[in-house]
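*Asks:* Pasting in a structure now, in structure tokens, and then I'll have a few things to ask.
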Amino acid sequence: MGWIRAERGKSDVAAEILDGKALAGRIREGLAGEVAEFRAETGIVPGLSVVLVGEDPASRVYVRNKENAVKAAGMNGDVVRLPADASRADVLAVVDRLNADPNVHGMLVQLPLPRGLDSVAVIDRVDPLKDVDGFHAENVGLLAQGRPRFVPCTPLGIVELLKDAGVETRGARVVVLGRSQVVGKPIALLLLRKGEGADATVTVCHTGTREPARIAREADVVIAAMGVPEAVGADWIKPGATVIDVGIHRKADGKLCGDVAFAEVAPIAGRITPVPGGVGPMTVAMLLKNTLAAARLAAERRG
């Protein structure tokens, strides 16, 4: 069974809007100060390299945004571009070179990769101490054990949004819609941990779940990461619930939307993230945070 999308009507907004763009700006400003202090103390400039294979338009936009954010934070950043027909050996050779470069503290391979390239094999080749995307099996395992090192940036940003908004997660019922390695699974693991911004009771719904709307209606917090435009409507949301929309899609009229039918859900929810301007900016901010953490680890290893 797949996710079902329905046509949605329009209503006035009543929910508090969780402004991820503003919060990300504050975080990035603070990180710029931390980077400056780190550079002064160690002489090390945190460095992030992005591997971009092919000419996927969305990936090019994402990479450009990351590149600009890295420079604004006082870090070094570069993009290694490979053609869409690059072989597995070509991509792995670039990853190996970046692994060996002491000036590269964080690395990510922009996904999705062109058809024919095994993304798992490529990600597994990344040094887990430079894996600022948090996708390497070693970092996933540490997160599952409750002792995270590098966590995928979108889930990390979601937790920061919830904490900043004062959303109480301890004992809260959280429903995650989607089980991807990028968002669904890691956000569930983060919220299951002990401590601030966690201690939640988490249910993960997916395409095999029966009656996901009924389950979501029981939640205090709904995190929609389904990949289906405007699939979550009013009948999915308990009045006053917090709704985090991870999806981003371009409609036929050129406007952006998320996985949540915003106009329909906003009058019911207590808090809601917009698209754009919600989760997306937080993802980039958390990438910078992970890159600085990777540079600190490198400095500790250097002694």
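*Asks:* Would you tally the residues in the range 255-271 being modelled with pLDDT of 95 or more and part of a loop (DSSP other than H, G, I, E, B)?
*Replies:* 8
The rows are residues; the columns are (1) open to solvent by 30 Å² or more (accessible area, probe 1.4 Å); (2) of a type in the set (A, V, I, L, M); (3) touching a residue at least 60 places away in the same chain (Cβ under 8 Å).
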residue	(1), (2), (3)
188	no, yes, no
192	yes, yes, no
204	yes, yes, no
214	yes, no, no
220	yes, no, no
226	no, yes, yes
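*Asks:* Output the number of the condition that residue 74 fails; it satisfies all remaining conditions of (1) touching a helix residue (DSSP H, G or I) at 6+ places or on another chain (Cβ under 7 Å); (2) modelled with pLDDT of 95 or more; (3) on the phi < 0 side of the Ramachandran plot.
*Replies:* Every condition holds for residue 74 apart from (3).
*Asks:* If we scan the range 274-284, do we find a residue that is of a type in the set (Ser, Thr, Tyr) and over 19 Å from the mean Cα position of the chain (by Cα)?
*Replies:* There is no residue in the range 274-284 that is of a type in the set (Ser, Thr, Tyr) and over 19 Å from the mean Cα position of the chain (by Cα).
*Asks:* May I pose another question? Please specify each residue of the range 62-103 satisfying the condition of being open to solvent by 60 Å² or more (accessible area, probe 1.4 Å) and touching a residue at least 60 places away in the same chain (Cβ under 8 Å).
*Replies:* Scanning the range 62-103 gives 65, 102.
*Asks:* Another one. Taking the range 104-151 only, how many residues are surrounded by 23 or more Cβ atoms within 10 Å (Cβ to Cβ), among the acidic types (Asp, Glu) and over 17 Å from the mean Cα position of the chain (by Cα)?
*Replies:* 0
*Asks:* Could you please find all residues in the range 99-112 being part of a loop (DSSP other than H, G, I, E, B) and more than 15 Å from residue 62 (Cα to Cα)?
*Replies:* 101, 102, 103, 104, 105, listed by residue number.
*Asks:* Picking from 59, 49, which residue would you name as being closer than 22 Å to residue 182 by Cα, in a helix (DSSP H, G or I) and open to solvent by less than 70 Å² (accessible area, probe 1.4 Å)?
*Replies:* Answer to the selection: 59.
*Asks:* While we're looking at this one, here's another question. Just to be sure, is residue 182 β-branched (Val, Ile, Thr) and open to solvent by 40 Å² or more (accessible area, probe 1.4 Å)?
*Replies:* yes
*Asks:* Hey, another quick one. Out of (1) open to solvent by 40 Å² or more (accessible area, probe 1.4 Å); (2) modelled with pLDDT of 95 or more, what's the single condition that is false for residue 245?
*Replies:* The number of the failed condition is (1).
The values are calculated or read from the model by the stated rules, or taken from the named source; none is laboratory data. This one's a predicted model, so the numbers in the text were calculated from it and none came from an experiment. Cβ atoms come from the backbone with ideal geometry, glycine included; neighbour counts cover every protein chain shown. Only protein heavy atoms, including side chains, enter the accessible area calculation; ligands, DNA and RNA are left aside. Shrake-Rupley method; radii C 1.70, N 1.55, O 1.52, S 1.80 Å.
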